[in-house]
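The values are calculated or read from the model by the stated rules, or taken from the named source; none is laboratory data. Bear in mind that the values here come from a model prediction, so they are computed numbers and not experimental data. We place every Cβ from the backbone using ideal geometry, glycine too, and count neighbours over all the protein chains shown. The protein model used for the area step is the full one, side chains on, heavy atoms only, and it has no ligands, DNA or RNA in it. Shrake-Rupley method; radii C 1.70, N 1.55, O 1.52, S 1.80 Å.
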2 protein chains.
Amino acid sequence: MTQANNLPPAPVCPVAALPTVLGALHDPVRLEMVRRLSNAAAPIRCAALYDAINKSTATHHFKILREAGLIERLTIDGQTFQNLRVDAIEHALPGLLPSIVAAANRADATVDDDQAIS
Amino acid sequence: MTQANNLPPAPVCPVAALPTVLGALHDPVRLEMVRRLSNAAAPIRCAALYDAINKSTATHHFKILREAGLIERLTIDGQTFQNLRVDAIEHALPGLLPSIVAAANRADATVDDDQAIS
């Protein structure tokens, strides 16, 4: 197994206080990252978690999510993945993540419907 | 019935998209306003919704909550109240408000416990 990059092991942060978590999630880019991770229910390669931003901007957003304790960085077979800390979030803030992801999924479905109509 | 002030009737905004709602709630002052309103389950006079800020700052925060569709301004017996739009929020974002208020209540109880110990 080789390291695809030289990223040091990222510390896993405790789930932050509610205002910090809401602040991390209120950005649409980060909300979409969390939505994709939650729906996948598995670690996802970084590049699959965003569309219209560059890598350094994505790294900034991952950092905010990681510092809020919402995600952790994993290296699997030399590739970097992000993992949603579902159990830790549910323990710290019961019910919050499912309700936010459900709302984000509904919003995403609405956008898809609108695009299908137009 | 007299008007205590000359505030025009405030328009009631639809509940905003999820990122806007999370943005409205991630500020600790606004989160505390919503927590108090939710726990009261009734309209509350404005001044009872905050502690360490001045009136104009509070007005700013009320405006953000109102524009996110979370609260509405009521005039009852000439006095201004804020009301949490519980049904509208639950309809737009099921489960979100209860999970956030529950987490905020737990955080508040923890602070109270810490103060009782110290």
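In peptide B:15-23, what is the residue-averaged number of other protein chain Cβ atoms found within 10 Å of each Cβ?
Working: counts 0, 0, 5, 13, 11, 2, 4, 12, 6.
Rounded to a whole number, the mean comes out at 6.
Give me the extension gain from B:Thr110 to B:Ala52: residue separation times 0.36 nm, minus the current Cα-Cα distance, reported in nm with one decimal.
Values: separation 58, 0.36 × 58 = 20.88 nm, distance 1.95 nm.
Using 0.36 nm per residue and subtracting the Cα-Cα distance, I get 18.9 nm.
Counting partner chain Cβ atoms within 10 Å of every residue's Cβ in A:27-36, what's the average?
Working: counts 4, 6, 1, 1, 3, 1, 0, 0, 1, 0.
So the per-residue partner count for this stretch is 2.
How high is the relative contact order of chain B, in percent, counting Cα pairs under 8 Å that sit 6 or more residues apart?
It rounds to 32 percent for chain B.
At A:Asn39 and B:Ala42, where each label point lies 7 Å from the Cα along Cα→Cβ, what is the point-to-point distance in nanometres?
Going by the 7 Å Cα→Cβ label model, 4.4 nm.
Note the distances from B:Asp87 to each other copy's matching label point, with points 7 Å along the Cα-to-beta-carbon direction, in nm, sorted shortest first.
Values, ascending and in nm: 4.2.
Interface size between chain A and chain B, please: total buried accessible area, 1.4 Å probe, rounded to the nearest 100 Å².
Values: alone 7010 and 7000 Å², together 12670 Å².
Its buried surface, counting both partners, is about 1300 Å².
Probe radius 1.4 Å, ligands and nucleic acids ignored: give me the carbon and sulfur share of the accessible area of the protein assembly as shown as a rounded percent. Numbers along the way, then the final one.
Values: 7190 of 12670 Å².
Percent of accessible area from carbon and sulfur atoms in the protein assembly as shown: 57.
Can you list the copy-to-copy distances for A:Asp113, using a point 7 angstrom from Cα toward Cβ, in nanometres, shortest first?
Sorted ascending, the copy-to-copy spacings read 4.3 nm.
Just the number please: accessible area per residue for the stretch A:18-113, 1.4 Å probe, all protein chains included, in Å². List each step's numbers first, then the result.
Working: 4370 Å² over 96 residues.
That works out to 46 Å² per residue.
How far apart, in nm, are the 7 Å Cα→Cβ label points at B:Val12 and B:Ala88?
0.6
Along Cα→Cβ at 7 Å, what distances in nm separate the B:Leu74 label point from those on the other copies, shortest first?
Values, ascending and in nm: 4.9.
In the protein assembly as shown, if every C-alpha pair distance is counted and binned at 5 Å from zero, what percent goes to each bin?
Reading the bins upward from 0: 1, 6, 12, 16, 16, 14, 12, 9, 6, 4, 2, 1, 0, 0, 0, 0.
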